[in-house]
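Written below as structure tokens is the structure these notes are about.
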Amino acid sequence: MSGYSVKRGRSLLNTPGPTNVPERVQRAMVRNPMDLGDPIALSMIESCFEDLKKIFKTEHELFMYAANGHGAWEAALVNTLSPGDLLLVPELGNFSTGWGEMAEALQMRTETIKGDWRQAIDPAKIRDRLAADKNHEIKGILVIQTDTATSVTCDVAAIRKAMDDAGHPALLFVDTIPTLAVTDFRMDEWGVDVAVSASQKGLMMPPGLGFVAASPKALEAHKKATSQRRYWDWSLRLAAESYRTFCGTSPQIQLYGLRASLDMLLEEGLENVFARHKRLARATRIAVEHWGQAGAMELNAINPDQYADGVTTILLKEGYDGTKIRDVCRDELQCALGGGLRNLSGKAFRIGHMGDMNEPMLYGALASVEATFAYLDVPYTPGGVTKAIEYLVECRKRGGKA
Ligand SMILES: *Cc1c(COP(=O)(O)O)cnc(C)c1O
């Protein structure tokens with residue numbers, strides 16, 4: 001047995017979900033469950049709904065589920081659509097495809113606008129497709145704000161405008177699972193009908209809570225939607241009693257964690273949260289571009305306007321194995337990264353920098369990645385970490401602007 005098989009010190013979690021759970025949130029969850037009628041617990045839960053709406057930037061309805069993001073995806077679809085309904089899916093990466101596959105499994109139909117996994121679909125293409133849909137057969141558009149597989153972000157407001165320009169009544173569905181409390185999202189201002197999220201990314205929580213916010217138009221569509229549903233059903237959940245709001249016992253302990261996380265986010269201020277993510281993301285890209293001068297890798301996203309704030313996908317040249325990089329970085333160096341998904345399986349790896357993340361944590365991850373390249377003889381230009389440091393120090397000198 002080599003001395004390396006015993007792990008000491010902290011491990012780094014740089015996956016794009018789940019993300020690090022701050023100690024304050026962890027401590028908030030060390031407690032005994034309470035009586036379901038306890039007024040203190042009930043008012044705490046009530047305040048979570050109010051404050052989470054501030055993060056979605058909505059005054060509309062919000063539903064919470066004891067579920068992961070996939071549960072929230074399903075809740076969004078079955079509450080507003082019927083079997084046979086057609087959905088438009090602008091392809092952005094693994095998650096746009098996955099949400100579309102879920103709709104198909106629920107007996108809906110999908111039509112994909114093909115993408116290349118390196119940039120977002122031009123909103124003009126969405127506008128043209130909708131304008132051609134004279135009979136309004138398309139009932140909704142499934143948009144992923146940032147596809148975590150490709151690290152490409154799309155412009156939700158521009159998609160809304162494309163829909164309005166086409167004069168089309170389809171519902172706008174947006175997945176904000178890896179972007180809520182990472183990248184600006186404005187449900188009401190952008191005219192989003194159904195916004196979906198989950199606890200384990202920007203919200204700095206363990207996995208297990210799913211969220212769906214619904215506009216009045218979505219609630220109207222709900223009345224006519226005939227998809228089978230029970231646990232997810234908004235009609236049942238639009239009730240005053242907490243037991244019905246959660247379709248049974250509420251995930252109390254998780255909600256205490258959420259309360260702490262919302263406190264932390266609101267204390268920091270959403271604008272500061274977004275700016276912090278922008279800085280860490282840019283520092284990561286600076287490191288990647290520096291390493292990439294040796295010819296083995298590049299940023300997967302090719303359009304700077306579409307870079308992601310919470311994750312960076314690094315595309316490898318033929319002959320280099322992203323799975324091996326991820327495995328060695330985790331197993332040898334105790335730094336967890338994301339792997340390549342679906343079309344990018346083995347061809348990419350991902351550095352997550354979302355949630356409870358600061359500069360030294362990012363330096364640790366970037367240095368671990370450099371060490372992994374050295375260990376695996378992947379060509380890289382040394383000094384990516386130094387470049388990241390130089391950039392982040394510059395940001396500090398100018399008061400935090402990315
Ligand atoms: C993480 C993620 C999901 C899936 O969330 P789960 O909680 O794993 O079900 C969906 N969409 C995007 C864009 C994600 O990043």
Under the √(5λ) rule applied to the eigenvalues of the Cα gyration tensor, what semi-axes describe the equivalent ellipsoid of segment 266-391? Give them in Å, descending. 23, 15, 14
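For a quick check of your reading of the filter: which trypsin sites (Lys or Arg not before Pro) in segment 1-54 sit in a DSSP loop and have no more than 15 other Cβ atoms within 10 Å? Could the numbers behind the result be given before it?
Numbers: sites: 7, 8, 10, 24, 27, 31, 53, 54; in loops: 7, 8, 10, 31.
The qualifying sites are 7, 8, 10, 31.
According to the square roots a ≥ b ≥ c of the eigenvalues of the Cα gyration tensor, what is the shape class of segment 126-263, taking rounded for a/c under 1.5, prolate for a/b larger than b/c otherwise, and oblate for the remainder?
oblate
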Around residue 335, which amide H atoms from residues at least 5 apart in sequence, or from another chain, sit under 5 Å from its own amide H, with H modelled in the peptide plane? 12, 330
Pull up the cross-link candidates among the lysines for residue 201, meaning alpha carbon to alpha carbon under 21 Å and not fewer than 8 places away within one chain. 53, 54, 57, 278
Residue 215 accessible area, 1.4 Å probe, all protein chains in place, Å² to nearest 10: 10
Using the alpha-carbon atoms, what tilt in degrees (0 to 90, nearest 10) does helix 252-268 show relative to the longest principal axis of the chain? 70
Per 20 Å bin from zero, what fraction in whole % of the C-alpha pairs of the chain is there, up to the bin with the longest pair? 27, 55, 17, 0
Net charge of neighbours whose Cβ lies under 11 Å from the Cβ of residue 159, counting Lys and Arg as +1 and Asp and Glu as -1: 0
Protein chains only, probe 1.4 Å: how do 65, 4 rank by accessible area, largest first? 4, 65
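Cβ under 15 Å from residue 376's Cβ, residue 376 left aside: what net charge do those residues give with Lys, Arg +1 and Asp, Glu -1?
Numbers: positive: 317, 324, 326, 330; negative: 321, 327, 331, 332, 370, 377.
Once positives and negatives cancel, what remains is -2.
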Towards the positive end of the charge dipole of segment 231-353, with charges on Cβ (+1 Lys, Arg; -1 Asp, Glu), say which of 337, 238, 302 has the farthest Cα. 302
222 nm [θ] for the chain, helices only, -39500 (n - 2.57) per DSSP H run of 4+, per residue, to 500? -13000 deg cm²/dmol
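Using the Cα centre as the reference, give the magnitude of the dipole from point charges on the C-beta atoms of the chain (Lys, Arg: +1; Asp, Glu: -1; all else neutral), rounded to the nearest 20 debye.
It works out to roughly 460 debye.
By the scheme Lys and Arg +1, Asp and Glu -1, what is the net charge of all other residues having a beta-carbon under 12 Å from that of residue 252? List each step's numbers first, then the result.
On the way: positive: 31, 259; negative: 35, 38.
Every neighbour counted, the sum reads 0.
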Descending packing, highest mean Cβ count within 10 Å first, for 258-266, 234-242 is 258-266, 234-242
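Please report the antiparallel percentage of DSSP beta bridges with both residues in the chain, rounded to the nearest 5. Write out the running numbers ahead of the final one.
On the way: 24 of 42 bridges.
Of those bridges, close to 55 percent are antiparallel.
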By per-residue mean of other Cβ atoms within 10 Å, what is the highest-first order of 322-328, 197-203? 197-203, 322-328
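The values are calculated or read from the model by the stated rules, or taken from the named source; none is laboratory data. What you see is a predicted model, and the numbers here were worked out from it, not measured in a lab. Here Cβ is always computed from backbone atoms with ideal geometry, including for glycine, and neighbour counts include all displayed protein chains. Note: areas computed on protein heavy atoms with side chains; ligands, DNA, RNA excluded. Shrake-Rupley method; radii C 1.70, N 1.55, O 1.52, S 1.80 Å.
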